[in-house]
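What follows is a single structure, written as structure tokens, with notes after it.
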Amino acid sequence: MSTPLQIGLVMFPRVTQLDLTGPVQVFSSVPGAKVHLIWKRIEPVASDSVLTLTPTITFADCPQLDVICVPGGLGTDDMINDEEMLAFLRRQAEGAKYITSVCTGSLVLGAAGLLTGYRATTHWTAMEFLKEFGATPTHTRVCVDRNRITGGGVTAGIDFALTLVSLLVDRRTAEAIQLRLEYNPEPPFNSGSPETAPAEIVALLKERIAPAQARRGEMIRRAAARLA
């Protein structure tokens with residue numbers, strides 16, 4: 001009997017649930033895979049929406065993973081300076097086959113020193129912050145650079161996960177999972193990126209997130225200084 005693939009996704013308060021649950025839905029369909037939801041303690045974790053999520057294993061009890069994944073969300077602003085989280089990621093990265101993220105989870109990988117010298121992507125509002133951690137920002141839906149695989153904002157987590165399955169197993173398996181999920185998006189509007197959205201919509205969103213961006217910038221500077 002073959003050893004199951006060990007796939008782990010970390011959790012934290014104010015995680016964006018779709019960053020987490022999109023890939024979880026894909027990974028849970030991989031034959032023989034064991035999927036872990038990891039946090040410091042076994043206790044409910046509030047997402048950035050009405051959903052509360054429950055981890056399945058703690059940092060201390062987590063086995064060596066084949067895949068370690070960090071989702072994004074407002075909570076990453078705290079995680080980039082959380083030494084317990086960063087130390088766990090560094091330990092897992094030593095033996096993991098793939099070190100991955102979705103959305104602003106890439107900033108946490110960066111703060112752990114795991115993206116230095118790598119190309120990476122993230123949510124479009126956080127792209128320039130990657131430079132603070134020695135990464136090369138790459139404006140793609142999914143970025144593959146050696147064993148670092150990063151996904152763009154939120155919904156890109158499904159694309160990321162299917163791409164990773166094609167590398168972990170094979171394309172046939174990834175395509176079968178895509179079909180099972182009927183992942184065949186036809187968005188009602190063409191506003192899914194700053195390049196295609198109307199200028200007034202981009203301006204509106206930037207205005208709304210300005211305070212959060214200012215706080216994130218300060219937390220990034222602290223994390224980059226600690227890493228240096």
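The values are calculated or read from the model by the stated rules, or taken from the named source; none is laboratory data. What you see is a predicted model; the values in this text were computed from it and never measured. Cβ placement follows ideal geometry from the backbone for every residue including glycine, while neighbour counts extend to all protein chains displayed.
Taking the conditions exactly as written (under 19 Å from residue 226 (Cα atoms), within 12 Å of the chain's Cα centre (by Cα) and not polar (S, T, N, Q)), does residue 86 satisfy them or not?
no
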query: buried (at least 22 other Cβ atoms within 10 Å of the Cβ), in contact with a strand residue (DSSP E or B) (Cβ under 8 Å, 6 or more places away or on another chain) and modelled with pLDDT of 95 or more: does that describe residue 10?
result: yes
message: Which residue is surrounded by the fewest Cβ atoms within 10 Å (Cβ to Cβ), if the candidates are limited to region 18-33 and must be touching a Leu at 6+ places or on another chain (Cβ under 7 Å) and over 21 Å from residue 81 (Cα atoms)?
response: 32
query: In region 82-131, what count of residues is obtained for those that are touching a strand residue (DSSP E or B) at 6+ places or on another chain (Cβ under 6 Å), closer than 18 Å to residue 218 by Cα and touching a residue at least 24 places away in the same chain (Cβ under 8 Å)?
result: 5
task: Return only the number of the condition from (1) under 17 Å from residue 80 (Cβ atoms); (2) surrounded by 13 or more Cβ atoms within 10 Å (Cβ to Cβ); (3) out of contact with any helix residue (DSSP H, G or I) (no Cβ under 9 Å at 6 or more places or on another chain); (4) among the hydrophobic types (A, V, I, L, M, F, W, C) that residue 228 does not satisfy.
output: (2)
task: Using the structure shown, decide if residue 44 is in contact with a Leu (Cβ under 9 Å, 6 or more places away or on another chain) and surrounded by fewer than 22 Cβ atoms within 10 Å (Cβ to Cβ).
output: yes
task: Among what's in region 178-228 and is of a type in the set (Val, Ile, Thr) and either under 21 Å from the mean Cα position of the chain (by Cα) or part of a loop (DSSP other than H, G, I, E, B) (or both), pick the residue that is farthest from residue 115 (Cα to Cα).
output: 196
